[in-house]
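What follows is a single structure, written as structure tokens, with notes after it.
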Amino acid sequence: MSEKFDALLAHQHFDNLRRWLDMEGEAERQRLEERRRLQSTADAEKGGETLLDLVIRTHTVGLGGRYLLTLQKRKQVDRLPWHRFKPGSPVILSSDECGSVPAVVSGRRADSLEVALEQWPEGDVFRVDMSPDEVTRKRQRAAIDLCENVTGRTGQLRELLLYEREPAFGRQVKVVASPTLNTSQQEAVAFGMSANDIAIIHGPPGTGKTTTVVDLICQAVANGERVLACAPSNTAVDNLLERLVNQRVPVVRLGHPARVHKTVRERTLDALVERHDAYSVIQDMLKEAEQLERRASRFTRARPAPGQKYQQRQEARELRRNARLMERSLVADVIADASVICATTSFDFTHVEDCRFDLLVIDEACQSVEPGCWVPLKFADRVVLAGDHCQLPPTILSQEAAAEGYAISLMQRLVEHYGERATRLLTTQYRMHESIMRFSSDHFYDGQLLADTSVAEHRLSDLPAIRDDALDEPVVFIDTAGAGWEEELEPQGLSKRNPEEGRLVLAQVTQLCEAGLSPRDIAVIAPYAAQVRWLRQNCEFDHLEIDTVDGFQGREKEAVVMCTVRSNSTGEVGFLSDARRMNVALTRARRKLIVIGDSGTLGADEFFQTLLAWFEAVGAYHSVWEFSQDS
């Protein structure tokens, strides 16, 4: 391939990324505008991106002087409606009195939402709306603009990511195999440490991918290297952070403290700076500056000396300037003392602008759009990507952009191009009964997954509370074909539900609970938000988790009941045809998996044909007529 062709290909790729960013931004704006046009409470909340009629129940002042407000429904209810707000989500808080103020979701419970904001909102009753994340898109666009033409080490990495160079291995470093890791995990760590440029760790469900990544980071630190550890979501970053703290690694978390889980908030940059011995001096300087400003603004009967108020304001400005300089110095000290910096991939890296890291690790890389991975790239000499392109892809709103290639993550693209030359697969899983694992292993991972002996044969009856071993069958498929339980659109909504199927789901949950399994150990997974809402409204168990597939990524429960909703005469399965999403749903259960669906509808899809045939082959198939909803 000629040098000229390489350059043209690279520029075309970056042009595509920029266009897809624009398409995604426009799709998000259009969707939010459409949601906000819905006026009634019943309609506006159906999409999960709006909550209405909220009041402030409690509030505290958090780190950095930010207000942390706990919002609940004005008419007290046990649960908020189903919604998409998660810690870290940018939102708009608004009322008739105050207009709109930006905020960030800092926590969520079944009956409340906690938000963090810089100013106190005026008003009594509020609404919360999802906000377009334009800041993140601007950072991603700036990153690809920079990396498109940059030279030096980042330029070399860009050439590799665009297939203009081959990945090389052979770095001579000391790697001490951790006895807690299995053979495939140890090999992945050694492989990542030997990479001159880039390495990929492919971690299927339950294989301990993040455990492997943390050990890799610890090995790098032990070799005297500095590491930038990133992930696309705050939850994934906090998971990394918590494990690194447990390993006693000197680590600092960059990011809005409200977006960081409270268990690791003490490792945020804000908290560490506030605990610095010199921070009290900064606070005293700011207090003195505020007092000078008040004096200069205060009306007095006695005429002040000429220039006195001006002088006071000048002194206040100088104090604030010196306080900021001292704070920057403290920030630099805290960062310099850290071996590992943790942040989301699209964070504002201003505080580490002058830093260089020996290694960049991106966990859950397949859940990030490609521009997100380019943001931290400029700080690193080597890169390790970890994730699973056979599970959930990045969340894309623009179907046009997704169809053109925006839904393909950087890691997936590299795995498909370089294959085993740059990738190591983790092969031992510690979550699922072998029967639950088998379909996923055969269909997605060429049969290479092995169930560890600690889980290969574990069943519900092994749990001390279980009183009925009749439920020990690890995999069950209940076929509703012929029952006439057709799907329907939610009233005044666009999402689909299937109430009859929902009743069977809840009957199965009741049976599990009556056998002694706690609702806390059960998950109900539904592909459609309308079905999630119906199930939550009709569920009698307080601690039963009911959510979409996306909400259970990376999670596990002893038992999972999954409904597929789709039942129609045309064989339409919608986005259920995304096999990666089904892979996630089918691999959340440890000891028992129950799938409910209409084979007449599902069987029209090629993936479900394979899955249904497997259910029959392993003896998991049952007709709905074998089950009583009243049981």
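Just the residues that are open to solvent by 10 Å² or more (accessible area, probe 1.4 Å) and under 21 Å from A451 (Cα atoms), please, taken from segment 593-617. Steps first, answer last, please.
Taking segment 593-617 and keeping what is open to solvent by 10 Å² or more (accessible area, probe 1.4 Å), we get 598-600, 603-607, 609-610, 612-614, 616-617.
Hits for segment 593-617 are W614, A617.
Quickly run through segment 319-364 and pick out the residues that are within 16 Å of R139 (Cβ to Cβ), aliphatic (A, V, I, L, M) and not in a strand (DSSP E or B).
Within segment 319-364, V352 is the sole residue that qualifies.
Within the set of pairs 6+ apart or on separate chains, which have a first residue in segment 68-79 that is in contact (Cβ under 8 Å) with a residue 40 or more places away in the chain, a second that is among the basic types (K, R) and open to solvent by 30 Å² or more (accessible area, probe 1.4 Å), and C-beta atoms under 6 Å apart?
Going by the 6 Å Cβ cut-off, the qualifying pairs are T70/R57; Q72/R57.
Taking segment 236-252 only, how many residues are outside any loop (DSSP other than H, G, I, E, B) and closer than 20 Å to C355 by Cβ?
Quick first cut of segment 236-252, residues outside any loop (DSSP other than H, G, I, E, B) only: 236-246, 251-252.
Filter once more, keeping what is closer than 20 Å to C355 by Cβ: 237, 240-241, 244, 251-252.
Selection size over segment 236-252: 6.
Considering only residues that are polar (S, T, N, Q) and under 16 Å from R566 (Cα atoms), look in segment 515-554 and name the one that is modelled with the highest pLDDT. Don't jump to the end; show me each part of the working.
Our first condition is that a residue be polar (S, T, N, Q); within segment 515-554, this holds for 518, 531, 537-538, 548, 553.
With the extra rule that they be under 16 Å from R566 (Cα atoms), the set shrinks to 531, 548.
Values: Q531: 94, T548: 90.
Filtering segment 515-554 for residues that are polar (S, T, N, Q) and under 16 Å from R566 (Cα atoms), the one modelled with the highest pLDDT comes out as Q531.
Looking at (1) touching a strand residue (DSSP E or B) at 6+ places or on another chain (Cβ under 8 Å); (2) in a helix (DSSP H, G or I), which is the one condition that is false for E159?
Condition not satisfied by E159: (1).
Please indicate, with yes or no, whether at least one residue in segment 534-555 is farther than 24 Å from K86 by Cβ and either hydrophobic (A, V, I, L, M, F, W, C) or surrounded by 23 or more Cβ atoms within 10 Å (Cβ to Cβ) (or both).
no
Could you pull out the residue among R141, R171 that is surrounded by 16 or more Cβ atoms within 10 Å (Cβ to Cβ) and in contact (Cβ under 8 Å) with a residue 12 or more places away in the chain?
Details: R171 fails: surrounded by 16 or more Cβ atoms within 10 Å (Cβ to Cβ).
Exactly one residue qualifies, and that residue is R141.
Looking at segment 200-235 only, could you name the residues that are of a type in the set (S, T, Y), assigned to a helix (DSSP H, G or I) and either open to solvent by 10 Å² or more (accessible area, probe 1.4 Å) or at positive phi (or both)?
Matches in segment 200-235: T210, T211, T235.
Any residue in segment 464-486 that is open to solvent by less than 20 Å² (accessible area, probe 1.4 Å), among the small types (G, A, S) and either touching a helix residue (DSSP H, G or I) at 6+ places or on another chain (Cβ under 9 Å) or not in a loop (DSSP other than H, G, I, E, B) (or both)?
Looking for residues that are open to solvent by less than 20 Å² (accessible area, probe 1.4 Å), among the small types (G, A, S) and either touching a helix residue (DSSP H, G or I) at 6+ places or on another chain (Cβ under 9 Å) or not in a loop (DSSP other than H, G, I, E, B) (or both), one finds none in segment 464-486, hence no.
Among the residues in segment 560-581, are any at pLDDT 95 or above, basic (K, R) and open to solvent by less than 20 Å² (accessible area, probe 1.4 Å)?
Yes - at least one qualifying residue is present in segment 560-581.
Kindly establish whether D348 is closer than 13 Å to V252 by Cα, in contact (Cβ under 8 Å) with a residue 40 or more places away in the chain, surrounded by fewer than 18 Cβ atoms within 10 Å (Cβ to Cβ) and not hydroxyl-bearing (S, T, Y).
Details: closer than 13 Å to V252 by Cα: no; in contact (Cβ under 8 Å) with a residue 40 or more places away in the chain: yes; surrounded by fewer than 18 Cβ atoms within 10 Å (Cβ to Cβ): yes; not hydroxyl-bearing (S, T, Y): yes.
Considered against the rule, which asks whether it is closer than 13 Å to V252 by Cα, in contact (Cβ under 8 Å) with a residue 40 or more places away in the chain, surrounded by fewer than 18 Cβ atoms within 10 Å (Cβ to Cβ) and not hydroxyl-bearing (S, T, Y), D348 comes out as no.
If I ask for residues that are within 29 Å of E166 (Cβ to Cβ), assigned to a helix (DSSP H, G or I) and at pLDDT below 75, which ones from segment 1-56 would you list?
Within segment 1-56, E3, K4, F5, D6, A7, L8, L9, A10 qualify.
Kindly list, by first and then second residue, each pair from a residue in segment 9-32 that is in contact (Cβ under 8 Å) with a residue 60 or more places away in the chain to a residue that is open to solvent by less than 30 Å² (accessible area, probe 1.4 Å) and acidic (D, E), limited to pairs with Cβ atoms under 6 Å and residues at least 6 apart or on different chains.
So the pair list comes out as F14/E148.
The values are calculated or read from the model by the stated rules, or taken from the named source; none is laboratory data. Computed from a predicted structure; not experimentally measured. Heads up, the Cβs are rebuilt from the backbone with ideal geometry, glycines too, and the neighbour counts pull from every protein chain shown. Accessible surface areas use protein heavy atoms only, side chains included; no ligands, DNA or RNA. Shrake-Rupley method; radii C 1.70, N 1.55, O 1.52, S 1.80 Å.
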